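Before any comments, here is the structure.
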Amino acid sequence: LGYWDAQNWVKQEFGIDIKYQRIREYLIQHFKTKLKSPRKSHYKKDEEAEKAFLKTP
């Protein structure tokens, strides 16, 4: 789920308190994880058209 969740899981399962930065570095190095970030949105996007599109089946 996230680096905080991984940190909590390690503490619960193994009783080891690992710093956030260390767990983050380990997961990036060994599992190529990334933080989630939203996609860019076009600056001229029509909000009404988006709402109409989402309402259609």
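A short reminder: the numbers here are calculations on the coordinates, not readings from a lab. Because the structure is a prediction, the values reported are computed rather than measured. Here Cβ is always computed from backbone atoms with ideal geometry, including for glycine, and neighbour counts include all displayed protein chains.
Observations, loosely collected:
- The residues in the stretch 2-34 that are of a type in the set (A, V, I, L, M, F, W, C) and in contact (Cβ under 8 Å) with a residue 24 or more places away in the chain can be counted, and the count is 1.
- In the stretch 1-41, residue surrounded by the most Cβ atoms within 10 Å (Cβ to Cβ) [restricted to those that are under 16 Å from the mean Cα position of the chain (by Cα) and among the charged types (D, E, K, R)]: Arg24
- The residues in the stretch 20-57 that are in a helix (DSSP H, G or I) and either farther than 30 Å from Asn8 by Cβ or among the aromatic types (Phe, Trp, Tyr) (or both) can be counted, and the count is 12.
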